[in-house]
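Notes follow the structure.
What follows draws every value from the coordinates through simple rules; no lab data is involved. All of these numbers come straight from a predicted model, not from anything done at the bench. Note: ideal-geometry Cβ built from the backbone for every residue, glycine included; neighbour counts use all protein chains shown.
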Amino acid sequence: MSPRICDASQRHLEALEALEQACFSLPWTRDMLLSQLPDENHEFLAAEDESGKLLGYVGMMCVLDEGYISNAAVDPACRRQGIGDLLIRELLERAEKRDLSFVTLEVREHNEPAIALYRKHGFSPVGLRKNYYEAPAENAILMTKFLK
């Protein structure tokens, strides 16, 4: 399988909602997802298979020269196949094209696969947000990749 990375769009909304339900205890709503679709302040990438099925996504909000990864998910049935890697690589390329100074994110303290993925792409822990997550309660590690 060779996923295709593209801009997420309204045609992805139903699949994005389903992926949110499958991956998160407090999933984003359709309106929340809609507000993140690509525009001058957002990058929102989708990974699709050859038939157009959504395999994963990643979103980033851009404020001035700063990038904030808002959410990322890969279909549980498709994990460990390099999809997250492709999404993060493309997102960082777009961050560089936007001339961002850094990209940052929060990740659950015990989400070792995600932490390893972000480390692979040059993100480093820079802080801890106590009790950031709910259902279940958990700290978030703040990770940042400096581009300049």
Charge dipole magnitude, Cβ of K and R +1, D and E -1 - segment 36-89, Cα centre, debye nearest 20:
340 debye
Using θ = phi - 60° and the Karplus form 6.51 cos²θ - 1.76 cosθ + 1.60, what ³J(HN,Hα) does each residue of segment 62-76 get, whole Hz, x for Gly and Pro?
10, 10, 6, 10, 10, x, 10, 5, 8, 6, 8, 7, 10, 3, x
Which one of Phe102, Gly84, Pro113 has its Cα pushed farthest toward the positive end of the charge dipole of segment 4-146, where Lys and Arg give +1 and Asp and Glu give -1 at the Cβ?
Pro113
By per-residue mean of other Cβ atoms within 10 Å, what is the highest-first order of 130-141, 72-83?
72-83, 130-141
Under a Cβ-only charge scheme (Lys and Arg +1, Asp and Glu -1), can you give me the dipole magnitude of the chain about the Cα centre, in debye to the nearest 20?
460 debye
What does the extension gain come out to for Glu93 and Lys148, with contour length at 0.36 nm per residue minus their alpha carbon separation?
18.5 nm
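Full-extension gain between Gln81 and Met32, please, as 0.36 nm times their residue separation minus the C-alpha to C-alpha distance.
Working: separation 49, 0.36 × 49 = 17.64 nm, distance 2.75 nm.
Residue separation times 0.36 nm, minus the Cα-Cα distance, leaves 14.9 nm.
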So which chymotrypsin sites (Phe, Trp or Tyr not before Pro) in segment 2-56 pass both tests, a DSSP loop state and at most 16 other Cβ atoms within 10 Å of the Cβ?
Phe24
Distance cut-off 23 Å, Cα to Cα: go down the list Lys97/Lys130; Lys97/Lys120; Lys53/Lys120 and report the pairs above it.
Lys97/Lys130; Lys53/Lys120
